[in-house]
Amino acid sequence: MSSDYEFSDDDGDYYDDEDMVDGTQEEESEDDMDMDAFGEDFKVVPKGKHKAYEVEYDSLSQAAVEKLMKQDVDHICGIFGVDVSTANLLLRYMKWNKERLIEKYMDNPTTMLVAAGVVVPEASSQPAPAPIRTHSSTSSSTTRRPTRATSKLLALASGSKSAKSPSVSPVSPPSSFYIPKSLKPKVEEPFVCPICFDDDTSIQTLALDCEHTFCFGCWTAYAGSKIRDEGEHSMRCMAEGCALVAPDHFIRSILIPEPGAPVGDTSQEAENKKTWDRFQELLVRQFVACNNNLKFCPYPSCTNTVSCPSAASKASLAIVVPTVSCGARGLGPQATSQSQTEGGLGLPGKEHMFCFGCPIESDHRPVVCGVARMWLKKCRDDSETANWIKSNTKECSHCQSTIEKNGGCNHMTCKKCKHEFCWVCMGPWSEHGTAWYSCNRYDEKTGVDARDAQSKSRASLERYLHYYNRWANHEQSAKLSLDLYAKTEKKMEDMQITSALTWIEVQFMKKAVEEVDKCRMTLKWTYAMAYYLAKGNQKDLFEDNQRDLEKAVEDLSELLESPIEAENIPTLRQQVTNKTVYVQKRNEIVLEDTANGFVEGRWRWNVTVEGFDDPEFAD
């Protein structure tokens, strides 16, 4: 959601740092209260500041974003003296860059209004009027082709003649905007809609300031198609070549009936109401997309927005992993309600957590965005298939055809060019004499180079598979978390039945499952980071922390999978509680040490990473 424009801090802008801190601190205090609800089992000493791996952000609802948009609109209305519709169209045209809009509007207001589709061009609204020609015919030859400015003066000088001419109409000032109204067709010339060719005399028609008239049904169908199908928030006039943009109140008058209007088709009115809501959402999305400090939640059916100024620049993404939450839980309203009602246990859906700095729709801490994107591209790329081909096949030295060995003999013959060579040293077979199954040319430079390339390719593939298999294993385990939640719910019920524990007292199982799921996400991305880390003491320390966290997570998972026996429930509760706190601490150690390393510049890579120094040595 990058934008070419920067925004200033004037007049109540929407990324006030003090507001961000206050909003996030309130969220953290609520999390602490939820943890305290479980008693003393998971009590953590509260801290007065954010952890090293956390960023300051604020979650905004759609209504909150619309309020920020209104502040910008009111600011422009106060400066230019225009109405709300005109200010909206001007800001959307300039991608909500107020400073640049003010500069261009003050330089030439008419040009900006025409470019934004607020008013029709002057040449279209005032074509060459007949009174000017009549006046010029009695003048000298020097006034036969008046200039543009002269034409205006001549039109004014013509007095009542120009006023009576049907080709000349007064031009409203830029600050006033056309209000849609029903146009009655002329009696002598029956109206025919240019789109559907409906010529009913009782047809209702609408037109913008350009006076290109169409029937109400065509306007409604056009608005629905642009908004629902194309996802467009800007609707221009349907006339060919007309660049006038329909204002918001015009679109609303099409989709939402006025109070007291006759009741029509209820299903169509409900559909139009959804179209209007979608239009409002598109306006918010455009506003968010034009501001580097804002990002829309990528989860389906979620309309919340996150403001995170500390991660708005590319430079900041090299020292911080901006994982944020929009404040909602579950995958949309249906999933949230379903998760709260299934089984009556009230295990909520997952929190909407995503990365503010890149398109990855998950928490990829501790690795920074640039490395995470490189790893995902490598996993999707066909380059690993090429590595397998290099590890298991060789190329003919004559025609470069790929050959796979399918027998034990080292005497190879290319089926394409019939070249005979040795599979071991890749040298011509004619130089091997009669030693069909032994090669005495291992010291040849060409043979040594071929074997070195083959060994390096095989070693590179094995190294990649080492990290990828462990990354994929934790990813698969995270996907199975829903099954783990279901099993845990059943165990929590059994504990209540076979022991005297209350529902609150068995919440330690739920907390343990959530911590395991969170730590598996951390472990998954530590393998992506370790793949690109250069050899050295820092990598060794990183992998030591990774090993300790992984061992703790596996121990806790084993406890969660163990069978429940009535006499062992108190012991199990103590063990799970202690191990959960330990796993939580190990996870914080990994995240904090990695985050501090980015700030201090301790990490070195074996490849080129944007925002970091060039690789000093390869792994």
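The values are calculated or read from the model by the stated rules, or taken from the named source; none is laboratory data. Model, not experiment: these values are computed from the prediction. Glycine also receives a Cβ, built like all others from the backbone with ideal geometry; neighbour counts cover every protein chain displayed. Just the protein is used for accessible areas: all its heavy atoms, side chains included, with ligands, DNA and RNA removed. Shrake-Rupley method; radii C 1.70, N 1.55, O 1.52, S 1.80 Å.
Trypsin sites (Lys or Arg not before Pro) within the stretch 480-572: which are DSSP loop residues with at most 14 other Cβ atoms inside 10 Å? Write down the numbers at each step before the final one.
Values: sites: Lys487, Lys490, Lys491, Lys510, Lys511, Lys518, Arg520, Lys524, Lys535, Lys539, Arg547, Lys551; in loops: Lys535.
Those satisfying the criteria are Lys535.
Order the following by accessible area, largest value first: Ile497, Ile319, Ile102. Probe radius 1.4 Å; ligands, DNA and RNA are ignored.
Values: Ile497 135, Ile319 85, Ile102 45 Å².
Result, largest first: Ile497, Ile319, Ile102.
Pull up all non-local amide H partners of Phe214: gap of 5 or more, or a different chain, and H-to-H distance under 5 Å with H placed in the peptide plane.
Leu206
Once the stretch 492-619 is represented by equal point scatterers at the alpha-carbon sites, with solvent omitted, what log10 I(q)/I(0) does the Debye formula produce at q = 0.10, 0.11, 0.17, 0.22 Å⁻¹?
Per q value, in the given order, log10 I(q)/I(0) is -0.43, -0.50, -0.85, -1.20.
Assuming R0 = 51 Å, can you tell me the calculated FRET efficiency for the pair Asp548 and Thr393, based on Cβ-Cβ distance, to the nearest 0.05? Present the calculation step by step, with values, prior to reporting the outcome.
Numbers: r = 41 Å, r/R0 = 0.80.
Working from the Cβ atoms, E equals 0.80.
Using the crude model of +1 on Lys and Arg Cβ and -1 on Asp and Glu Cβ, and no other charge, please compute the dipole size for the stretch 534-611 relative to its Cα centre, in debye to 20.
Values: 10 positive and 16 negative charges, 58 e Å.
So the magnitude is around 280 debye.
So if each residue of separation counts as 0.36 nm, and I subtract the Cα-Cα distance between Leu482 and Asp198, what length gain in nm does that give?
Values: separation 284, 0.36 × 284 = 102.24 nm, distance 5.68 nm.
Difference between extended and current length: 96.6 nm.
In nm, what is the difference between 0.36 nm times the number of residues separating Ala221 and Lys535 and their Cα-Cα distance?
Numbers: separation 314, 0.36 × 314 = 113.04 nm, distance 6.30 nm.
Additional length available on full extension: 106.7 nm.
Points 7 angstrom from Cα along the Cβ direction at Asn406 and Ser267: gap in nanometres?
For the pair Asn406/Ser267, the computed spacing is 6.2 nm.
With just the Cα atoms defining each centre, how far is the stretch 516-565 from the stretch 233-251? Give it in Å.
One Cα centre to the other: 56 Å.
Please give the FRET efficiency for Asn578 paired with Lys456, using the beta carbon to beta carbon distance and R0 = 41 Å, rounded to the nearest 0.05.
Working: r = 47 Å, r/R0 = 1.14.
It comes to 0.30.
List the GluC sites (Glu not before Pro) within the stretch 505-576 that DSSP assigns to loop and that have no more than 14 neighbouring Cβ atoms inside 10 Å. Numbers along the way, then the final one.
Details: sites: Glu505, Glu514, Glu515, Glu543, Glu550, Glu554, Glu558, Glu561, Glu565, Glu567; in loops: Glu505, Glu565.
When the GluC sites (Glu not before Pro) of the stretch 505-576 are filtered for loop state and at most 14 Cβ neighbours within 10 Å, Glu565 remain.
Output ³J(HN,Hα) for the stretch 90-103: one whole-Hz value per residue in order, computed from phi by the Karplus curve 6.51 cos²θ - 1.76 cosθ + 1.60 with θ = phi - 60°, and x for Gly and Pro.
Karplus values, whole Hz, x for Gly and Pro: 5, 5, 5, 5, 8, 6, 6, 8, 5, 5, 5, 5, 4, 5.
Need one value: the accessible area of Glu230 in square angstrom, 1.4 angstrom probe, rounded to the nearest 10.
100 Å²
So, R0 is 35 Å and r is the distance between the beta-carbons of Glu281 and Asn108; what FRET efficiency does that work out to, to 0.05?
Numbers: r = 33 Å, r/R0 = 0.95.
Here the calculated transfer efficiency is 0.55.
For the stretch 225-289, with only Lys/Arg (+1) and Asp/Glu (-1) charged at the beta-carbon, what is the dipole magnitude about the Cα centre, in debye rounded to 20? Numbers along the way, then the final one.
Details: 8 positive and 11 negative charges, 33 e Å.
For this selection, approximately 160 debye.
Given the options Phe542, Val607, Ala552, identify the residue whose Cα lies farthest towards the positive end of the charge dipole of the stretch 474-619 (+1 on Cβ of Lys, Arg; -1 on Cβ of Asp, Glu).
Checking the options against the dipole of the stretch 474-619, the answer is Ala552.
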